[in-house]
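Structure, as structure tokens:
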Amino acid sequence: PPPVCDDDEDCAGDLVCTAGVCAEAAPAPAVPAVGQVVVSELLYDPHNGLDDNDAEWVEIYNNTDTALSLEGCYLFDEGRAENPMDGGADLSGLVLASGAYAVFARSDERALNGGLQVNGTFPFALGNGGDTVGVWCNGVVIDAVTYDDGERFPDARAVSLNRDAEQLNGANTPD
């Protein structure tokens, strides 16, 4: 049986005290590579009694079979693409489980954002006439989506835009 412990000092080598037993530490979650975390859905023009300043939202998706750490990652829009750390949404501290989604909105107040339970907020506005929104990690654009208001994408007033399920694998992510 593994040694019993009260804290990490009771354990030998690289073992840590977990629930009173010395065990190997769980590996740190990986950092995402290009295409592993994608923008899966967004709402840029809420309407129906909801205000853009509160109810816009972006959903991201981990399309891998492992948990990914978003330490050093930012959600950005076109105006922050060159330097997402300046005005983008810092995603540090979030670990996105395999196959999991996370939602970020302009407001975390459910009465204002349409009733969403969000993982975080972002400070920038999504352009109603078009914009680019993406995920940037440690100096690399992991994924980005550029939308418009009617030329290539439908006029999405009061409805969200979502990627086709076949595109959630990151295959169409910029290099």
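The values are calculated or read from the model by the stated rules, or taken from the named source; none is laboratory data. Please read these numbers as outputs of a predicted model, since none were measured by experiment. Here Cβ is always computed from backbone atoms with ideal geometry, including for glycine, and neighbour counts include all displayed protein chains. Side chains are part of the model used for accessible areas, which takes the heavy atoms of the whole protein and leaves out ligands, DNA and RNA. Shrake-Rupley method; radii C 1.70, N 1.55, O 1.52, S 1.80 Å.
Stretching residue 21 away from residue 90 to a fully extended chain increases their span by 21.3 nm, per 0.36 nm per residue minus the current alpha-carbon distance.
Taking a point 7 Å from the Cα of residue 161 along the Cα-to-Cβ direction, the residues of region 23-41 with backbone N closer than 12 Å to it are 40-41. Result for the chain in a Gaussian network model with C-alpha springs under 10 Å: among 131, 45, 164, the largest mean-square fluctuation is at 164. So which residue, out of 24, 41, 78, gets the largest mean-square fluctuation from a GNM of the chain using Cα contacts under 10 Å as springs? Most flexible of the set in this elastic network: 24. If you take the alpha carbon atoms of region 81-123 and fit the smallest convex hull around them, that volume is 92 Å³ per residue. Legend: translational diffusion of the chain by Stokes-Einstein, Rh = Kirkwood radius over C-alpha pairs, 4 °C, 1.567 mPa s; D = 74 µm²/s. With all protein chains kept in place, the per residue accessible area of the chain amounts to 53 square angstrom at a probe of 1.4 angstrom.
Phi angles of region 109-125 translate, via the Karplus equation with coefficients 6.51, -1.76, 1.60 and θ = phi - 60°, into HN-Hα couplings of 7, 4, 5, 9, 9, x, x, 6, 8, 10, 8, x, 10, 10, x, 9, 8 Hz per residue; Gly and Pro are given as x. Report, by chain and number, residues whose modeled amide H sits under 5 Å from the one on residue 21, excluding near sequence neighbours (fewer than 5 apart, same chain). Sorted by chain and number, the residues that satisfy this are 5.
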